[in-house]
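Below is one structure, written out as C-alpha cells; comments come after it.
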C-alpha cells in the first residue's frame, strides 16, 4: 500500500494557525482525510452494504 503524504512549508512571517489551515485544505483536496476516517475502524461487509444502501436515493415514486 502506497503511503500518502502532503507537505506544507511555513512561510516567513506566517502564523502556525494559517499553516495548519493550508495543510488541512491540502489534505482535504487530496482525499487523505476521507480515507483516514474510513480506515479508523473495521467495518463489516454487511454493515458497509447497509450503509451504502441507505445513502443511495430511492427511485420509487408512489
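Note on segment 27-51: residues that are surrounded by fewer than 10 Cβ atoms within 10 Å (Cβ to Cβ), over 8 Å from the mean Cα position of the chain (by Cα) and closer than 25 Å to residue 5 by Cβ amount to 4. The set of residues in segment 10-40 that are in a loop (DSSP other than H, G, I, E, B) and modelled with pLDDT under 90 comprises 31, 39, 40.
The values are calculated or read from the model by the stated rules, or taken from the named source; none is laboratory data. Keep in mind it's a predicted model, so treat the numbers as computed, not measured. Using ideal geometry, Cβ is built from the backbone for each residue, glycine included, and neighbour counts are taken over all protein chains shown.
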